[in-house]
Amino acid sequence: MRIIITKEMQYLSKLCLPVFLFFGLNLCGQKTISLKNPSFEGKPTMSDVPGNWRDCGFPGESAPDVQPCGAFEVTTIASDGDTYLGMVTRDNDTWEKVGTKLSPKMEAGVVYEFSIQLCQSETYQSASRLTGEPTNFITPVVLRIFGGNSYCEKEQMLGVSPPIDHAEWGTYRFTLSPQQEYSHLLLEAYYVTARGLAYCGNLLVDNASDLVPIGRSETIERASLVGERVEETRK
């Protein structure tokens with residue numbers, strides 16, 4: 001079959017080639033970052049963290065939990081795999097957080113798309129750190145995401161979720177825009193700051209995605225720090 005190239009096709013190729021090269025070269029060399037143990041798999045147990053994650057909590061306070069482990073009356077089924085991460089905030093102004101090492105590192109000026117599944121348990125029975133009384137840790141909290149260059153370092157906040165107030169798993173998408181190179185990622189449960197006071201809440205975390213480069217910050221409209229929930233397609 002003979003292909004005829006018209007003058008219009010030649011003109012379009014000249015017009016489109018610089019655009020292709022601009023975006024192609026901007027993405028060249030930028031690597032997808034796969035987390036180690038993104039589904040938070042591990043032996044179900046209280047006050048311990050899954051493999052490849054490190055507890056970054058406060059001295060004298062317990063670590064997050066690998067759920068469901070039978071503790072705190074948490075019975076939510078994992079969204080992916082067998083287990084997930086359970087974190088709480090407390091009424092004594094302490095909260096739970098975990099960190100992991102990235103390979104390769106996040107690059108400065110590169111925008112990454114990242115998603116993770118979140119929900120809260122309708123029951124997370126423990127004791128108030130202020131009163132010692134039995135308390136259900138169910139006030140909604142948010143997930144905050146930080147970049148740093150060592151375990152537990154919070155150099156730059158990269159994303160924050162809306163308050164998580166639903167018991168079913170929901171997927172949240174973030175665009176992370178690091179201002180410098182970061183070798184570590186930190187996830188933490190945190191208070192809804194508008195409330196103004198420390199309180200008892202819980203957050204369940206599962207099925208984190210790769211960090212996928214989608215371009216450079218100078219070529220992408222500045223992304224909101226707040227993540228958005230992705231509408232699930234019902235079957």
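The values are calculated or read from the model by the stated rules, or taken from the named source; none is laboratory data. What you see is a predicted model, and the numbers here were worked out from it, not measured in a lab. Cβ sites come from the backbone with ideal geometry, for glycine too, and all protein chains shown count toward neighbours. Just so you know, the surface numbers come from the protein's heavy atoms only, side chains and all, with ligands and any DNA or RNA stripped out. Shrake-Rupley method; radii C 1.70, N 1.55, O 1.52, S 1.80 Å.
Identify, please: which residue in region 73-105 is hydrophobic (A, V, I, L, M, F, W, C) and under 14 Å from the mean Cα position of the chain (by Cα) and is, among those, nearest to Phe137 (Cα to Cα)?
Residues of region 73-105 hydrophobic (A, V, I, L, M, F, W, C): 74, 77-78, 85, 87-88, 95, 98, 102.
When the remaining residues are screened for being under 14 Å from the mean Cα position of the chain (by Cα), the result is 85, 87, 98, 102.
Values: Leu85: 15, Met87: 10, Val98: 19, Leu102: 31 Å.
Filtering first and then ranking leaves Met87.
Here region 26-37 is the region considered, the condition is being at pLDDT 95 or above and either surrounded by fewer than 18 Cβ atoms within 10 Å (Cβ to Cβ) or hydroxyl-bearing (Ser, Thr, Tyr) (or both), and the residue that is nearest to Glu113 (Cα to Cα) is Thr32.
Of everything in region 102-161 that's in contact with a Leu (Cβ under 7 Å, 6 or more places away or on another chain) and of a type in the set (S, T, N, Q), which residue is nearest to Thr175 (Cα to Cα)? Filtering first and then ranking leaves Ser161. Tell me, yes or no, whether region 112-119 has at least one residue that is in contact with a His (Cβ under 9 Å, 6 or more places away or on another chain) and either outside any loop (DSSP other than H, G, I, E, B) or open to solvent by 30 Å² or more (accessible area, probe 1.4 Å) (or both). Yes; the residues of region 112-119 include at least one that is in contact with a His (Cβ under 9 Å, 6 or more places away or on another chain) and either outside any loop (DSSP other than H, G, I, E, B) or open to solvent by 30 Å² or more (accessible area, probe 1.4 Å) (or both).
With respect to Arg229, determine if the residue is under 22 Å from Ser47 (Cβ atoms) and among the basic types (Lys, Arg).
Details: under 22 Å from Ser47 (Cβ atoms): no; among the basic types (Lys, Arg): yes.
Considered against the rule, which asks whether it is under 22 Å from Ser47 (Cβ atoms) and among the basic types (Lys, Arg), Arg229 comes out as no.
Within region 70-84, identify whether any single residue is at pLDDT 95 or above, part of a strand (DSSP E or B) and open to solvent by 30 Å² or more (accessible area, probe 1.4 Å), and answer yes or no. No, region 70-84 contains no residue that is at pLDDT 95 or above, part of a strand (DSSP E or B) and open to solvent by 30 Å² or more (accessible area, probe 1.4 Å).
For region 185-212, the set of residues classified as open to solvent by less than 20 Å² (accessible area, probe 1.4 Å) and under 19 Å from Ser103 (Cα atoms) consists of Leu185, Leu186, Leu187, Ala208, Leu211, listed by residue number. With a requirement of 2 or more residues that are within 26 Å of Phe72 (Cβ to Cβ), the strands (runs of 3 or more DSSP E) lying completely within region 124-235 that satisfy it span 125-127, 134-136, 142-148, 170-176, 182-190, 201-206. Filtering region 44-69 to residues that are acidic (Asp, Glu) and surrounded by 20 or more Cβ atoms within 10 Å (Cβ to Cβ) leaves only Asp65.
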